[in-house]
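The values are calculated or read from the model by the stated rules, or taken from the named source; none is laboratory data. Everything numeric here is computed off the predicted structure, so don't read it as measured data. Positions of Cβ are backbone-derived with ideal geometry, glycine not excepted, and every protein chain shown enters the neighbour counts.
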Number of protein chains: 2
Amino acid sequence: MGTGENLEWEQRRRVEVETPPAKPFYEVVKSTVKETLFPDDPFRRLKRQPLRRKLVMGLQYFVPILEWAPRYSLRSFRSDFVAGITIASLAVPQGISYAGLANLPPVIGLYSSFVPPLVYAVLGSSRDMAIGTVAVPSLLLAAMLGKEVNPKLNPNLYLHLVLTATFFAGLFQASLGIFRLGMIVDYLSHATILGFMGGAATVVCLQQLKGILGLVHFTHATDFFSVLRSILTQFHQWRWESGVLGCCFLFFLLLTKYFSKKKAAFFWINAMAPLTSVILGSVLVYFTHAEKHGVQVIGELKKGINPASASELAFGSPYIGTAIKAGVITGVIALAEGIAVGRSFAMFKNYHIDGNKEMIAFGIMNIAGSCTSCYLTTAPFSRTAVNFNAGCKTAVSNIVMAVTVMMTLLFLTPLFYYTPLVVLSSIIISAMLGVIDYQAAIHLWKLDKFDFLVCISAYIGVVFGSIEIGLVVAVALSMLRVLLFVARPKTMILGNVLNSGTYRSVDQYPKAATVPGILIIHIGAPIYFANAGYLRERIFRWIDEEEEKIDNMSGTELQYVVLDLSAVGNVDTSGISMLDEVKKELDLRNLKLVLANPGGEMMKKLEKSMLMESIGKEWIYLTVAEAVNTCNYILHTCKPPKAAATVATTTTATTEIAAAAYDNV
Amino acid sequence: MGTGENLEWEQRRRVEVETPPAKPFYEVVKSTVKETLFPDDPFRRLKRQPLRRKLVMGLQYFVPILEWAPRYSLRSFRSDFVAGITIASLAVPQGISYAGLANLPPVIGLYSSFVPPLVYAVLGSSRDMAIGTVAVPSLLLAAMLGKEVNPKLNPNLYLHLVLTATFFAGLFQASLGIFRLGMIVDYLSHATILGFMGGAATVVCLQQLKGILGLVHFTHATDFFSVLRSILTQFHQWRWESGVLGCCFLFFLLLTKYFSKKKAAFFWINAMAPLTSVILGSVLVYFTHAEKHGVQVIGELKKGINPASASELAFGSPYIGTAIKAGVITGVIALAEGIAVGRSFAMFKNYHIDGNKEMIAFGIMNIAGSCTSCYLTTAPFSRTAVNFNAGCKTAVSNIVMAVTVMMTLLFLTPLFYYTPLVVLSSIIISAMLGVIDYQAAIHLWKLDKFDFLVCISAYIGVVFGSIEIGLVVAVALSMLRVLLFVARPKTMILGNVLNSGTYRSVDQYPKAATVPGILIIHIGAPIYFANAGYLRERIFRWIDEEEEKIDNMSGTELQYVVLDLSAVGNVDTSGISMLDEVKKELDLRNLKLVLANPGGEMMKKLEKSMLMESIGKEWIYLTVAEAVNTCNYILHTCKPPKAAATVATTTTATTEIAAAAYDNV
């Protein structure tokens, strides 16, 4: 600890390594379950409250509107009203566009912006999320269900399947929340989502070439080559009128986006651009009768609000398996996007979002949606960002949006008759180009190569394979990383940093000096069955290398192996056996095993397994420095114990010496 | 570090936390691949050798017999001969018994003790393993393939499928070794194997009741209830002659085992007991003509050594999928048993076994076996233990056994005509009772409850479900543990242990004193996407709890949060974002983030991500003690910075103070 050796021994006030007090079994189970499923301790605030207050707070916990509605002010409503109208102007064209992406009638997209936002406003705890349909899950639903049922030949069955999938997505989302399994979403890493979303956005853009070029027939496959083939082989069907119109609107939309990024005041231009495009496009078609010259239009939209659809859920269908699968996958993806969006914006305003509770809100919202002719909704990033920038204060902006969409459904649907499809394609492309975040990918490359690999694999998988392949590849790679990390933990040789009594990795601190005759190995992870074998091999490779080095340089013979267990938070039975084997083999090689800083779990298991006795409690130290000091003391005051005859006596001898050193100093 | 505060500041010679020198990308990849796939560095010895020597040593590496055969002595042969004869006396009855378990003709079991041991003797590096068929994979093959093809109605097709499965088992084993994927076997934890083997042994014992009770018809299911029903419903078919004979032999076998455990000198009695039983049983039947009174006998065995069977591998069969699946699963299980057995005995004699190389040897052995009418073989524990105890020196004992079995096949098969099946059942039961290691399960319960859960789940799954269910349950639970461990790493609050400058968990060291105004949190694992969200929640929960405690006791206000990163070996982009979020939220709460002992990877990524600048390099310390000392110094010499007006200025102010403190002291 100090600097000179004398000083060290004087200062030395050795503290025994302690075993934490034993806890009753049921308490251990209780705390483990709590830490695993309730890490955020959601009911913390309810403690030490009278029962009545507890009930009220519990109800407020599950239905957040009860908490904030009483405090709601007119001033907040003014902000929410503006934000609500703004996101409605986005919701109508986006709703119609994304419904097309899911091969659904356009009106379903409008329905989906009416009921779900209302449900979320009651149950959700985010103040910024704007609820609506999203591009990637829409496309994914179309890709997965389209394989089973052709949406053109059998539109009713297809619609019922989509609603059923939405129901199961909601059910799955709510169950994840109820059973506190939100951590499943954590396993979709940022890199996975980045690559997957980028790939899906690319695919969505490619698909929009159908609309831009005015093609009638198009491939149902989503991969790059199929789409390219479909476009190039239909060269003679390209409609220039449609193409020119599409490019103009796309240019307009991208321009407004560019300006809004340049100057915050231009934000409104960007927010209103999609609705402006739709109005401009419709007016243009109406006056030029372009619908007769190859520009496809939406056509008639059914008037009236959402019809009930609970009876149309196809539970008895032979395709129920596919519907469940599609629901679960799209549900998780929608959840991942929604939760990530909610958390980011909550951080801006410094409030907290409970992931598991949000999942329940999302789930109920989608179950309610599936019973009222809505398909899968979540909180899309773009719409939430617009909501945030427009100055929303609470979820009331969602209610305003829903009411606006309701008005549109009741009175304005005929106005969309002449809206050209090509404008919708431009809106989708313009939104999707923002999702392809190549700068984030470059950032990943700089920061963490493996994350970049995961990201780019997901991207390539989605673009050149299929959306599902991309997802599977990315999740598998992420999992592989976790498993590999556990299977191949880091081990490091430690040296003394500038005589400071601090021992650190000689790789990181090249000036750190190793101690002659003592090898200090730091183990960088809990010792589990998955890495016990590897660690044994690695420890002995370090020892072999050290002995070889000593042989070449004829230095002090190696006599002590100090294992620094600071980072070994836990150990299982395989880990204990491994340590036992290491101890036995070190005995055979006439080396002494010393442990430094074993944690609580390690101490418990060392004691229970009797390994503690075989190592000797006097060879277990609180710090590496203490361990090294004792070894050094024996090395320099006694003859090297290797000269002694047999292993057994040597071990006893050094143990006694160690004990003596400990008592005397 | 020291004791008094003055002493501390005098002694203080701060070492900067260093970032390890950057390495070229390809070198990082190279070292990662090497560490992942070649952790034991098998070609280490070949370095710095002339080319010719390299070639010889390389060849010796892959064909170990070339290495030890030249040094082989007559003295070793004497030991190996005795051991070989001993294990042959075990191999013959066991081979016949286990073939019955796999629903194969008895002679296949003898074939399997001839070719594979010869192949292993050439390629294997263990000196103690005795090669042969094993009970659990035999039963598993029967269960999996029996579902597709009835072994009684279609014995030829069934045999071909078994051989094909053996071929694929070998292919899979060899590929695992060639591609250095031995770690897959590491993922079958000790607890998994213990429970699985125990369950399988129970199932095997239950199945033997068929032989003991002399039943002709029996269920193909392996679960407890099916077997029980099959036995009880056939109460009137029970043959008492068979039962009495079985019980007598079982008693004899268990008695010899008991005595051999009591006294090492009785080892030979135990080793010879199975053969003795077979001889006694056959003689008894021959003289009493018991085969006419309900005691089933083996009957005619084909004379002659293994016929070639390469042309019989059913690659074109419609059941090829099942054969591949059965091969892969049984191959992995056989491998896990073999490698574990090999490693344990290698440790006794202090030599090293290369897992990946052994896998190649096992794989080639089984491929060769499948072409010579042998089914799946590995190194059974019982036979290897007998080999070891009989004093084997090298793999020559396997050759002796193979030759003895060959002699049996050529000349002695007629002698087995009268061997009663009930004796074989007794031999199996007696061997299997040793596999049910309930004491090890109790040990697991004492040492690690989760391991016990894995073990008992595997056991229950196998006994009451099916062998595959048990395996899937156990592997899934083991994986879950790994994933949970990564998802929910330990965090601990540290305190000063007896003014020693050493900071340790207050749970483990109840006397460790926390420092007023400073919260020291130890993070127990690398920060990855899978735990970033959890750690953020957990860190803020610690802070909230600390602030609540301070509010209740009106102590010093919390001002510093020190994160001890000693155990954080690595971090990915999600982890860096998490730290960034923590930093931002702490700024909002007017708390200062201090890092202690970040590792090399962490430092690299902190630098690259610019997070280093936002935290401030002066707030990153080599040890917790240094970090706490600086914070304490500022706390006690300056006014609390919380009084300052805005976050930004406060941060700057404390940063400057810290820098000043650092410069002055």
**Item:** Condition met for A:Ala130 (among the small types (Gly, Ala, Ser) and either in a helix (DSSP H, G or I) or outside the structural domain of A:Tyr418 (by the TED database) (or both))
**Value:** no
**Asked** Can you tell me which of A:Ile467, A:Ile427 is under 30 Å from A:Tyr258 (Cβ atoms), in contact with a Leu (Cβ under 6 Å, 6 or more places away or on another chain) and surrounded by 22 or more Cβ atoms within 10 Å (Cβ to Cβ)?
**Response** A:Ile467
**Complete:** B:Leu498 meets each of (1) among the hydrophobic types (A, V, I, L, M, F, W, C); (2) surrounded by fewer than 20 Cβ atoms within 10 Å (Cβ to Cβ); (3) in contact (Cβ under 8 Å) with a residue 60 or more places away in the chain with one exception, condition (3)
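Residues checked against (1) of a type in the set (A, V, I, L, M); (2) at pLDDT 85 or above; (3) touching a Gly at 6+ places or on another chain (Cβ under 9 Å); (4) more than 20 Å from A:Leu415 (Cα to Cα):
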| site | (1), (2), (3), (4) |
| --- | --- |
| A:Val244 | yes, yes, no, yes |
| A:Phe249 | no, yes, yes, no |
| A:Leu255 | yes, yes, no, yes |
| A:Phe266 | no, no, no, yes |
| A:Leu280 | yes, yes, no, no |
| A:Val283 | yes, yes, no, no |
**Request:** Tally the residues that are acidic (Asp, Glu) and more than 10 Å from every other protein chain (Cβ to nearest Cβ), restricting the search to region A:20-69.
**Result:** 2
**Message:** Kindly evaluate B:Ala340 against the criterion of being under 14 Å from the mean Cα position of the chain (by Cα), closer than 21 Å to B:Val162 by Cα and touching a residue at least 24 places away in the same chain (Cβ under 8 Å).
**Reply:** no
**Fill in**
Within region B:342-370, the residues that are within 14 Å of chain A (Cβ to nearest Cβ) and in a helix (DSSP H, G or I) are B:Gly342, B:Arg343, B:Ser344, B:Phe345, B:Ala346, B:Met347, B:Phe348, B:Gly355, B:Asn356, B:Lys357, B:Glu358, B:Met359
**Request:** Among the residues of region B:525-565, write down those that are of a type in the set (Ser, Thr, Tyr), within 11 Å of chain A (Cβ to nearest Cβ) and either over 23 Å from A:Arg481 (Cβ atoms) or crowded, with 24+ Cβ neighbours inside 10 Å (or both).
**Result:** B:Tyr528
**Item:** helices (runs of 4 or more DSSP H) (entirely within region A:535-640) containing at least 2 residues that are in contact with a helix residue (DSSP H, G or I) (Cβ under 8 Å, 6 or more places away or on another chain) and acidic (Asp, Glu)
**Value:** A:573-588
**Asked** Restricting the first residue to region A:426-452 and requiring it to be within 11 Å of another protein chain (Cβ to nearest Cβ), which pairs with a second residue that is outside any helix (DSSP H, G or I) and at pLDDT 85 or above meet a Cβ separation below 8 Å and a spacing of at least six or different chains?
**Response** A:Leu447/B:Ser609; A:Asp448/B:Asp572; A:Phe450/B:Asp572; A:Asp451/B:Asp572
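Every residue, every condition in (1) modelled with pLDDT under 95; (2) within 18 Å of the chain's Cα centre (by Cα), yes or no:
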site: A:Asn154; (1), (2): yes, no
site: A:Phe167; (1), (2): no, no
site: A:Gly170; (1), (2): no, no
site: A:Asp186; (1), (2): yes, yes
site: A:Thr192; (1), (2): yes, yes
**Request:** Under 8 Å between Cβ atoms, at least 6 apart or on separate chains: pull out the pairs that start in region B:306-325 with a residue that is under 20 Å from B:Phe172 (Cβ atoms) and end on any residue that is aromatic (Phe, Trp, Tyr).
**Result:** B:Leu313/B:Phe167; B:Ala323/B:Phe168; B:Ile324/B:Phe168
**Complete:** Those residues of region A:511-545 which are more than 25 Å from B:Lys490 (Cα to Cα) and of a type in the set (A, V, I, L, M) amount to A:Ala512, A:Ala513, A:Val515, A:Ile518, A:Leu519, A:Ile543
**Request:** State whether one or more residues within region B:510-518 are part of a strand (DSSP E or B), in contact (Cβ under 8 Å) with a residue 12 or more places away in the chain, under 23 Å from B:Leu622 (Cβ atoms) and within 10 Å of chain A (Cβ to nearest Cβ).
**Result:** no
**Residue list for region A:437-459, restricted to those being among the aromatic types (Phe, Trp, Tyr) and either under 18 Å from B:Lys30 (Cα atoms) or not in a helix (DSSP H, G or I) (or both)** = A:Trp445, A:Phe450, A:Phe452
**Item:** Residues of region B:367-416 that turn out to be closer than 23 Å to B:Phe167 by Cβ and of a type in the set (Ser, Thr, Tyr), as a count
**Value:** 6
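Inspect region A:290-302 for any residue being assigned to a helix (DSSP H, G or I), in the same structural domain as A:Leu215 (by the TED database) and surrounded by fewer than 19 Cβ atoms within 10 Å (Cβ to Cβ) and give the result as yes or no.
Residues of region A:290-302 assigned to a helix (DSSP H, G or I): A:290-292.
Okay, now just the ones that are also in the same structural domain as A:Leu215 (by the TED database), so A:290-292.
Subset that is surrounded by fewer than 19 Cβ atoms within 10 Å (Cβ to Cβ): A:291-292.
Checking region A:290-302: at least one residue is assigned to a helix (DSSP H, G or I), in the same structural domain as A:Leu215 (by the TED database) and surrounded by fewer than 19 Cβ atoms within 10 Å (Cβ to Cβ).
From the list A:Ile329, A:Ile298, pick out the single residue that is under 19 Å from the mean Cα position of the chain (by Cα) and touching a residue at least 60 places away in the same chain (Cβ under 8 Å). Even if it seems obvious, please write down each step before you answer.
On the way: A:Ile298 fails: under 19 Å from the mean Cα position of the chain (by Cα).
Exactly one of A:Ile329, A:Ile298 is under 19 Å from the mean Cα position of the chain (by Cα) and touching a residue at least 60 places away in the same chain (Cβ under 8 Å), namely A:Ile329.
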**Prompt:** Using beta carbons and a limit of 8 Å, which pairs, at least six apart or on different chains, have the first residue in region B:22-47 and not assigned by the TED database to the domain that holds B:Ile178 and the second one among the acidic types (Asp, Glu) and outside any helix (DSSP H, G or I)?
**Reply:** B:Lys34/B:Asp41; B:Asp40/B:Asp354; B:Pro42/B:Asp354
**Message:** Which condition from (1) in a strand (DSSP E or B); (2) more than 14 Å from chain B (Cβ to nearest Cβ) is the one that A:Val472 breaks?
**Reply:** (1)
**Message:** Restricting to region B:578-596, count the residues that are within 35 Å of the chain's Cα centre (by Cα) and facing chain A (nearest Cβ under 8 Å).
**Reply:** 0
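Filter region A:223-256 down to the residues that are surrounded by fewer than 18 Cβ atoms within 10 Å (Cβ to Cβ) and under 17 Å from A:Gly434 (Cβ atoms) and list them by number.
Filtering region A:223-256 for residues surrounded by fewer than 18 Cβ atoms within 10 Å (Cβ to Cβ) gives A:224-226, A:228-229, A:232-238, A:240-241, A:243-244, A:247-248, A:251-252, A:254-255.
Across region A:223-256, the qualifying residues are A:Phe251, A:Phe252, A:Leu254, A:Leu255.
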